[in-house]
Amino acid sequence: MADRLLRLRNMTPEVAGLIALLIRSQRSAHVLEIGTSNGYSAIWFADAVRDTDGRVTTVETDVERVEAAVRNIEGAGVSAWVTVVHDDGGNVLAPTLDASVDLVVLDAERPAYADYWPHLRRVLTPYGVVAVDNAVSHGEQLTKFRALLERESGKAGKRVRGASPGGR
Ligand SMILES: C[S@@+](CC[C@H](N)C(=O)[O-])C[C@H]1O[C@@H](n2cnc3c(N)ncnc32)[C@H](O)[C@@H]1O
């Protein structure tokens, strides 16, 4: 296995802390993370959802990492707020209910994110947020995903203009 895939690739504390701040300020009730690794970021998010009466679902394909995450989350005393799912992120998104997730954190294999987009749009609550780790440092792997987001924000702009008092 390539070295990159063997490494745990945890978020930096600055990024995990920023998302935890977003969870608290948005009062997120349901956070869905795709890409658990050993549970480092999930522990930050769990600590935040304790304050919002929320919960975290985090999804990981690698069974050894799932086991490590469960151990680490238990060790941190936050397992009551986290469900670790051993599956592919796409498989978990597909049956997720419409408008049921306040914040999706994408921290897995970036080229797959564009395929997630139809489900992300559907599962997010109004004003829901998608946070993408490494979106700047690995922007070249997100070209298709970014184009989908830009197309969507163009549509939102048209809706807002159409709804304005002047109808412009
Ligand atoms: C960057 S690491 C996640 C780091 C973690 N969020 C943290 O900060 O502690 C990416 C993880 O995503 C997992 N992964 C890759 N593709 C996936 C997929 N389609 N669904 C779920 N997990 C996936 C990898 O096995 C790897 O452990």
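Bear in mind that the values in this text are calculations on the coordinates, not laboratory data. For clarity, every value in this text was computed on a predicted model and none was experimentally measured. Backbone-built Cβ (ideal geometry, glycine too); neighbour counts: all protein chains shown.
Spacing of the modelled spin labels on R71 and L18, each 7 Å from Cα toward Cβ, amounts to 3.1 nm.
Between S25 and T143, the modelled labels are 3.3 nm apart [label points 7 Å from Cα along Cα→Cβ].
Order these by the 10 Å Cβ neighbour count, fewest first: V31, V15.
V15, V31
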